[in-house]
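Enquirer: Structure in structure tokens, see below.
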Amino acid sequence: MILTLKRPDLIRTENFINGQWQPSNLNESYPVNNPATGQNFAQVANSTAQDATQATKAAYEAFEDWRNQTTKVRSEFLLRWHQLILDNAEDLARLMSLEQGKPLAEARGEVAYGASYVDWFASEALRTYGDIIPETVSGKQRLVVKEAVGVVAAITPWNFPLAMIARKIAPALAAGCTVVAKPAEDTPLTALALVALADEAGLPAGVLNIVTSSRDRVSDVVGAWLEDARVRKITFTGSTAVGKLLAREAAATLKHLSLELGGNAPFIVFEDADIDAAVEGLMVSKFRNGGQTCVCPNRVYVHNRVYDAFADKLVTRVAALHVGPSDREESQIGPMINERAVEKIERHVQNALQHGATILTGGTRIQNDIACGPHYYAPTVLANANHDMELAHEETFGPVAPLFRFENEEEVIQAANNTPFGLAGYFYSNDIKRVWRVANKMQTGIVGINEGAITSETAPFGGVKESGYGREGSRYGLDDYMEMKYLCQGNL
Ligand code: NAD
């Protein structure tokens with residue numbers, strides 16, 4: 001391990017089940033690699049179906065007590081956990097930055113962002129109101145109460161190793177659910193540290209359990225949860241392909257599902273937009289996390305009349321981005337997560353060039369004295385993008401902004417919506433009538449209007465169409481972990 005933390009005890013490599021850190025039942029581990037170099041820097045538990053089932057048993061047995069705690073007890077636990085996350089923010093950011101590759105400044109931002117969900121749901125825990133139904137007949141009293149759904153399995157991706165798992169665990173625990181979790185195989189250490197802090201905050205044994213596994217074992221671990229009727233909900237963030245697989249498998253025991261899946265976000269710059277604001281918005285939304293974000297604009301539509309001005313300003317900004325290792329304070333774009341990710345970016349760019357795109361900046365891997373490793377890709381702007389290109393239909397998940405020209409509003413809305421995905425969409429316009437018209441027509445769960453930074457713990461995050469269903473954050477976020485019970489009292 002090459003990492004020095006103020007709290008080395010936050011580096012955990014075993015599973016946490018029923019309040020105990022323990023190796024996988026086969027005592028096996030798998031390597032976690034530094035994305036910059038591809039070199040192994042830690043070994044974590046390579047779990048099996050048996051480990052997953054042991055975690056389920058612990059969560060199931062802890063459920064009755066946890067759901068019967070007062071909301072104040074659950075809220076106070078979340079507040080203590082929140083404080084511990086903030087107290088250890090620098091260690092968490094360094095750990096995340098090492099295993100995921102995002103620049104330190106962004107990793108610090110993600111710790112604060114993830115922590116904000118814990119704080120938010122500490123408050124929301126206190127507001128799980130039900131309803132009293134006004135009576136239409138005498139002699140009856142009818143109520144609706146909300147109850148925790150039960151054991152929740154949380155499965156998360158590598159691109160936001162802390163925020164994705166925090167925004168699932170916090171509402172689940174607030175609602176009174178217990179949790180079994182599996183972080184992405186590339187980035188388990190941040191999640192394990194987060195669980196260590198939950199333990200320190202005084203969470204009862206069995207309420208929160210985490211197991212890690214390599215990609216080869218993931219079907220065994222998640223499969224054990226899918227077939228177990230004690231697991232009542234799967235909350236998943238990741239690719240649409242895996243989301244569909246989970247939906248099919250979860251049908252056997254009719255589990256609740258929240259699916260936060262892939263996107264293919266359009267970003268539209270109308271002729272009446274503030275061009276500087278649009279460039280700024282694209283920089284924020286496209287190049288954060290090296291473009292490895294589900295709400296990243298994947299297709300940038302620019303009106304003919306402002307295309308050249310927008311492209312010039314954008315290229316100046318993109319070419320000036322600092323690419324380098326995540327632990328250098330000046331780095332703005334770190335390495336991509338792994339070789340597979342860089343190969344996909346290369347494939348999309350090559351395919352775009354074959355279909356008539358031209359490179360305005362970037363367009364290659366970079367390896368030099370600063371960005372010294374095989375997984376760095378230059379921030380890229382492509383001109384003359386069109387819908388024959390692969391990148392128009394599939395997330396590139398890298399620092400590539402393809403510019404499409406358009407001529408009129410109707411045509412661009414049709415193009416923007418012409419995708420099976422519907423997570424986020426953005427547009428820039430200063431015409432108030434157009435703003436309402438276009439917002440109404442966008443087929444996405446989230447719309448950024450003259451704004452590139454759209455995520456917040458106070459707002460509902462989630463998609464439509466094949467980007468999934470369910471919402472995280474906001475007052476709606478708790479509903480995903482609760483179900484209604486109708487009580488009808490007669491003979492009054
Ligand atoms: P992925 O679907 O490959 O993996 C996500 C999680 O699912 C990981 O924990 C992985 O181990 C697990 N998994 C993989 N195969 C599985 C299987 N057969 N059975 C059960 N679990 C399995 O996705 P990824 O590459 O880690 O993440 C990138 C994807 O996630 C992108 O498509 C991105 O858009 C999406 N994403 C969505 C959101 C959102 O909120 N909508 C947020 C971040 C990322």
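Each value in this text was obtained by applying a stated rule to the coordinates, not by laboratory testing. From a predicted model like this one, the values you see are computed outputs, not experimental measurements.
Enquirer: Just tell me which aspartates and glutamates come within less than 19 Å, Cα to Cα, of LYS140; anything on the same chain fewer than 8 places away is out.
Expert: Straight-distance partners of LYS140: ASP131.
Enquirer: Can I ask one more? State, as an integer percentage, the relative contact order of the chain based on alpha-carbon contacts under 8 Å between residues 6 or more apart.
Expert: 19
Enquirer: Evaluate 2.2 N^0.38 Å with N set to the residue count of region 370-419, then give the Cα radius of gyration divided by it.
Expert: 1.45
Enquirer: Right, another one. Give me the lysines in straight-line cross-link reach of LYS465: C-alpha distance below 23 Å, same-chain residues under 8 apart excluded.
Expert: Counting by Cα, and skipping residues close in sequence, LYS465 has these lysines nearby: LYS168, LYS233, LYS244, LYS255, LYS286, LYS441.
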